[in-house]
Amino acid sequence: MTTSEQHPWVIQDDRLEMGDQLLAILAGACATGDLEEVSRTWSTLPEDLKHSGIEVVLQTHLFAGYPRTINALATIRSEGYEPNT
């Protein structure tokens, strides 16, 4: 089973790559405060895009405020993510 089959919102389309779709879904979930979706999307995000995923979440504060950004980061941390420095 591929990662795109695991996430119900990802579509097979040549216009937008699967990773970009997942990052957009992650941004939307953060902005709306849907922590369940943050968790689901984070778990399907490929390892090579985890750094980009963190950047997407950090930029959420510009549109949705610090509380939603902090909650999303806490959710990601609860998924076991430890950033490499």
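Applying the criteria of a DSSP loop state and at most 13 other Cβ atoms within 10 Å to the GluC sites (Glu not before Pro) of segment 10-77 yields Glu17. By the equivalent-ellipsoid construction on the alpha carbon gyration tensor, segment 16-55 comes out with semi-axes of 15, 10, 9 Å, ordered largest to smallest.
Taking the chain as a Gaussian network of alpha-carbon nodes connected by springs under 10 Å, the highest mean-square fluctuation of the residues Gly28, Gly53, Gly65 belongs to Gly65.
The angle between the Cα long axis of helix 50-59 and the longest principal axis of the Cα atoms of the chain comes to about 50 degrees, rounded to the nearest 10. A simple spin-label model places pseudo-atoms 7 Å from Cα toward Cβ; at Glu55 and Asp13 they are separated by 2.3 nm. Using a probe radius of 1.4 angstrom, the carbon and sulfur fraction of the accessible surface of the chain is 53%.
Within segment 15-85, the ratio Rg/Rh, alpha carbon atoms throughout and Rh by Kirkwood, equals 0.93. Only protein heavy atoms count here; under a 1.4 Å probe, Trp42 has an accessible surface of about 10 Å².
The values are calculated or read from the model by the stated rules, or taken from the named source; none is laboratory data. All figures in this text were calculated on a predicted structure; none of them were measured in a lab. Because the Cβ atoms are built from the backbone with ideal geometry, glycine has one as well, and the counts that use them run over all protein chains shown. Accessible surface areas use protein heavy atoms only, side chains included; no ligands, DNA or RNA. Shrake-Rupley method; radii C 1.70, N 1.55, O 1.52, S 1.80 Å.
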